[in-house]
Amino acid sequence: LAARGFVVAGVSHYHESWIYGPATIDRAAVLRLWDRPPDLSFALDSLPNIAELAPVLDMARVAALGHSSGGNTVIALGGARLDRGALMAYCRTDAATQDRGCDYAAAATVVAETPPEASASYRDPRVRAIVAFDPAAGPGYSKESLADVTVPVLIVGAARNDFLPFDQHAKRYADNLPSATLITLDSGEGHFVFLDPCTLELEANGVPLCKDRPGVDRAAVQDRLADDVVAFLGRTIPPSTGRKQP
């Protein structure tokens, strides 16, 4: 996206990102989905204060993109409210047997009480469009809550998912967001096909981060999706006059 002329800001969430040091990692942080959207809004607050970016920023043309928990996070910026109880209840059903996202709840020290901020609205009116790659926590959002997200949303989901069941997550979002477009990957792509190509022997809940199924070319998949994302942003956030960059 940066190579195509976009200003791109990436956010590393405290307690989840290793850049803050291994002592800061908290495995239970992945369950505190409500901690993430304020990080993105803080980043948007901060960008105009960076002198090098100020001449090319257009804060009227902001999109939010995320993968997995990041996909859930950007949908929350559109106004969706989490129902943590519904999400945890889903994880106790047979439908969640193959859902590796629910493994976090089983392995972590779960917050006993749901804090008020868990179900708060984190809508950020600066976000004009949303792109969510295999978004997580689908069962934690009611149809009514997702109906409150009025900005255009592009959902990209892997149908033969090895981590988050497609029907419960990506497809659920696409079916219930009023302005959603769904791109379905159905050639063996898994949940981590959206990460940078890599060769490390790393896994998340038993699923390899770097190794795709035979026949899946991660770089080629991402090249195709880049065209789809840029086209979507071009349709939903048209260029404005007087600015060089979105």
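The values are calculated or read from the model by the stated rules, or taken from the named source; none is laboratory data. These numbers were taken from a predicted model, which means no experiment stands behind them. Please note: Cβ atoms are built from the backbone with ideal geometry, for glycine as well, and neighbour counts cover all protein chains shown. We work out accessible area using only protein heavy atoms, side chains counted, and drop any ligands, DNA or RNA first. Shrake-Rupley method; radii C 1.70, N 1.55, O 1.52, S 1.80 Å.
In the condition set (1) within 28 Å of GLN222 (Cβ to Cβ); (2) in contact with a helix residue (DSSP H, G or I) (Cβ under 6 Å, 6 or more places away or on another chain); (3) part of a helix (DSSP H, G or I), LEU87 is compliant with all but (1). Picking from residues in the range 183-201 that are surrounded by fewer than 22 Cβ atoms within 10 Å (Cβ to Cβ) and acidic (Asp, Glu), the one that is nearest to SER68 (Cα to Cα) is ASP196.
Scoring GLY206 on the criteria (1) of a type outside the set (Phe, Trp, Tyr); (2) open to solvent by 10 Å² or more (accessible area, probe 1.4 Å); (3) in contact (Cβ under 8 Å) with a residue 60 or more places away in the chain; (4) touching a Pro at 6+ places or on another chain (Cβ under 8 Å) leaves a single failure, condition (4). Is it fair to say ALA219 is at pLDDT 95 or above, touching a helix residue (DSSP H, G or I) at 6+ places or on another chain (Cβ under 8 Å) and open to solvent by 30 Å² or more (accessible area, probe 1.4 Å)? It is false that ALA219 is at pLDDT 95 or above, touching a helix residue (DSSP H, G or I) at 6+ places or on another chain (Cβ under 8 Å) and open to solvent by 30 Å² or more (accessible area, probe 1.4 Å).
Name the single residue that is surrounded by the fewest Cβ atoms within 10 Å (Cβ to Cβ) among those in the range 22-43 being β-branched (Val, Ile, Thr) and assigned to a helix (DSSP H, G or I). Among those residues, the one meeting the criterion is THR24.
Within the range 48-67, residues that are open to solvent by 60 Å² or more (accessible area, probe 1.4 Å) sit with their Cβ atoms under 6 Å from residues that are of a type in the set (Val, Ile, Thr) and modelled with pLDDT of 95 or more, at 6+ positions apart or across chains, in these pairs: LEU65/VAL131.
ALA219: among the small types (Gly, Ala, Ser), within 18 Å of the chain's Cα centre (by Cα) and in a helix (DSSP H, G or I), yes or no? So ALA219 does not fit the description; no. Considered as a group, the residues in the range 90-143 that are touching a Leu at 6+ places or on another chain (Cβ under 8 Å), open to solvent by 30 Å² or more (accessible area, probe 1.4 Å) and outside any loop (DSSP other than H, G, I, E, B) include one that is modelled with the lowest pLDDT, and that residue is TYR104. Taking residues in the range 215-232 that are in contact (Cβ under 8 Å) with a residue 12 or more places away in the chain, and partners anywhere that are open to solvent by 60 Å² or more (accessible area, probe 1.4 Å) and assigned to a helix (DSSP H, G or I), the pairs with Cβ atoms closer than 7 Å and at least 6 places apart or on different chains are VAL230/ARG4. None of GLU52, GLU16 is more than 18 Å from ALA129 (Cβ to Cβ), at pLDDT below 95, within 18 Å of the chain's Cα centre (by Cα) and assigned to a loop (DSSP other than H, G, I, E, B) except GLU16.
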